[in-house]
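Read through the structure below, which is laid out as structure tokens, and then see the notes.
The values are calculated or read from the model by the stated rules, or taken from the named source; none is laboratory data. Here the structure is a predicted model, which is why all the values come from computation and not from measurement. Quick reminder, even Gly has a Cβ in these numbers, built from the backbone with ideal geometry, and neighbours come from all protein chains shown.
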There are 2 protein chains.
Amino acid sequence: MDKKKNISMAVIKRLPKYYRYLGQLMKNDVDRISSKELSEKIGFTASQIRQDLNCFGDFGQQGYGYNVSELHNQIGNILGLTKPYKTVVVGAGNIGQAISNYTRFEKTGFNLDAIFDINPKLIGIRIRDIEIKDIDYLPNYLKENHIEIGIICVPANSAQKVCDILVKSGVKGIWNFAPVDLVIPDDVKVENVHLSDSLLTLTCLLNDGDIDNE
Amino acid sequence: MDKKKNISMAVIKRLPKYYRYLGQLMKNDVDRISSKELSEKIGFTASQIRQDLNCFGDFGQQGYGYNVSELHNQIGNILGLTKPYKTVVVGAGNIGQAISNYTRFEKTGFNLDAIFDINPKLIGIRIRDIEIKDIDYLPNYLKENHIEIGIICVPANSAQKVCDILVKSGVKGIWNFAPVDLVIPDDVKVENVHLSDSLLTLTCLLNDGDIDNE
């Protein structure tokens, strides 16, 4: 795993896609695949694929290609899917409820431990079997339950405040759906899902026929 | 606008963030800003900012900086926000309902015209004041109402089928929440929100302290 160090964000961002495609190949009982075949499926060039996967060790074999399940496993390891994660959702509005209801994540090892909101009308309601708790209990809950990932689904103007509580209580990973960029210390990682930015990217593409692809 | 041609996807992806920050500055009554100040707020380098904005024309003035509202307007134009867009949501599950309920998009000019689902239990239910329609009516609805953007919120295994209907019925922009990569013709644009990929990016970051930032 020594080669894992100093990989670029660009490579990191491509790994989940590899993982998804390899999982699909496994479902279809494909045992091995060449970088050329993988390239045709996934849309990266074969040389890009070889280069990406080389960052993490010597997976491929000349003339044989990649062992699909082995590569899937290894990428799963790099993605940190060797253990389950304890998560909480903060903000039980539209997006918070959708994420809380989305059982797909649990299958990959993400366990939703609790949901928090500030709205008295929502507190006490259950999403699946998880009761929405008063946000006042958030700091203690985080510490007592060793929560690793906080999912921020509150409005923009309270996102940083919620983030600060998460960070102060030892949460190291933040999945942020609020349309703001959070200020966090170096040892905390954040991944943003900025829906409005994504939608504006689409309209930009719609209004310009001459975009160079990356 | 001649300079708009041949801009890279990397620049396009940064534009919504500029737009968001400039909108915030306008709210705070900031009239002008230097690339250095903007850099401190937005987190791109000042030279990156000058380079990005240069792609679209000569916005900044030496010693004066950028006129905030002018730049906000210009970027809005480039993002295609000069007119409203007619959209439909296909798939009224968790994510589809969340997106349908999210009124923030309407403020930017995205009007949700209709919601479609295949599930008889959902058909007829209203989200805000919009009734969920039977997906059988989708092709005709799209053509009769000149829908420009289709928002795909169906499960992975039916996403391509829905995409094909959208494309065949003249939809040119697809905002895809299904965890698959869609096959589309060149004149159709797709923007993906792959939630699982995003979550796996976070765990990858959590498990590796030595990521090089882009």
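Among the listed residues B:Leu166, B:Leu138, B:Leu205, identify the single one that is crowded, with 19+ Cβ neighbours inside 10 Å, in contact with a strand residue (DSSP E or B) (Cβ under 6 Å, 6 or more places away or on another chain) and not assigned by TED's automatic domain parsing to the domain that holds B:Tyr102. Before the answer, list the steps.
Working: B:Leu166 fails: not assigned by TED's automatic domain parsing to the domain that holds B:Tyr102; B:Leu138 fails: not assigned by TED's automatic domain parsing to the domain that holds B:Tyr102.
From the options B:Leu166, B:Leu138, B:Leu205, the qualifying one is B:Leu205.
Of the residues in region B:61-92, how many are within 14 Å of chain A (Cβ to nearest Cβ), touching a Leu at 6+ places or on another chain (Cβ under 6 Å) and either part of a strand (DSSP E or B) or more than 30 Å from B:Cys163 (Cα to Cα) (or both)?
2
Working carefully through the options B:Pro139, B:Pro155, find the one that is within 13 Å of another protein chain (Cβ to nearest Cβ) and not small (Gly, Ala, Ser). Full working, then the answer.
Numbers: B:Pro139 fails: within 13 Å of another protein chain (Cβ to nearest Cβ).
Result: B:Pro155 is the single residue among B:Pro139, B:Pro155 that is within 13 Å of another protein chain (Cβ to nearest Cβ) and not small (Gly, Ala, Ser).
If we scan region A:172-180, do we find a residue that is more than 19 Å from B:Leu195 (Cβ to Cβ), surrounded by 13 or more Cβ atoms within 10 Å (Cβ to Cβ) and in contact with a strand residue (DSSP E or B) (Cβ under 7 Å, 6 or more places away or on another chain)?
Just the residues of region A:172-180 that are more than 19 Å from B:Leu195 (Cβ to Cβ), to begin with: A:172.
Adding the requirement that they be surrounded by 13 or more Cβ atoms within 10 Å (Cβ to Cβ) leaves A:172.
With the extra rule that they be in contact with a strand residue (DSSP E or B) (Cβ under 7 Å, 6 or more places away or on another chain), the set shrinks to A:172.
The answer is yes, given that some residue of region A:172-180 is more than 19 Å from B:Leu195 (Cβ to Cβ), surrounded by 13 or more Cβ atoms within 10 Å (Cβ to Cβ) and in contact with a strand residue (DSSP E or B) (Cβ under 7 Å, 6 or more places away or on another chain).
Could you say whether any residue in region B:184-201 is surrounded by fewer than 17 Cβ atoms within 10 Å (Cβ to Cβ) and more than 10 Å from chain A (Cβ to nearest Cβ)?
Yes, the conditions are met somewhere in region B:184-201.
Quick check, is A:Leu22 modelled with pLDDT of 90 or more, under 21 Å from the mean Cα position of the chain (by Cα) and away from chain B (no Cβ under 14 Å)?
Working: modelled with pLDDT of 90 or more: yes; under 21 Å from the mean Cα position of the chain (by Cα): yes; away from chain B (no Cβ under 14 Å): no.
The answer is no for A:Leu22.
Of (1) in contact (Cβ under 8 Å) with a residue 60 or more places away in the chain; (2) more than 10 Å from chain B (Cβ to nearest Cβ), A:Gly173 satisfies all except one. Which?
For A:Gly173, the failing item is (2).
Would you list the strands (runs of 3 or more DSSP E) that sit entirely within region B:96-214 and hold 1 or more residues that are more than 17 Å from the chain's Cα centre (by Cα)? Outline the logic, then answer.
Working: elements: B:110-117, B:130-134, B:149-152, B:173-176, B:189-192.
The strands (runs of 3 or more DSSP E) meeting that bar are B:110-117, B:130-134.
Filter region A:164-182 for residues that are at pLDDT 95 or above and more than 14 Å from A:Thr87 (Cβ to Cβ) and give the result.
A:Asp164, A:Ile165, A:Val167, A:Lys168, A:Ala178, A:Leu182
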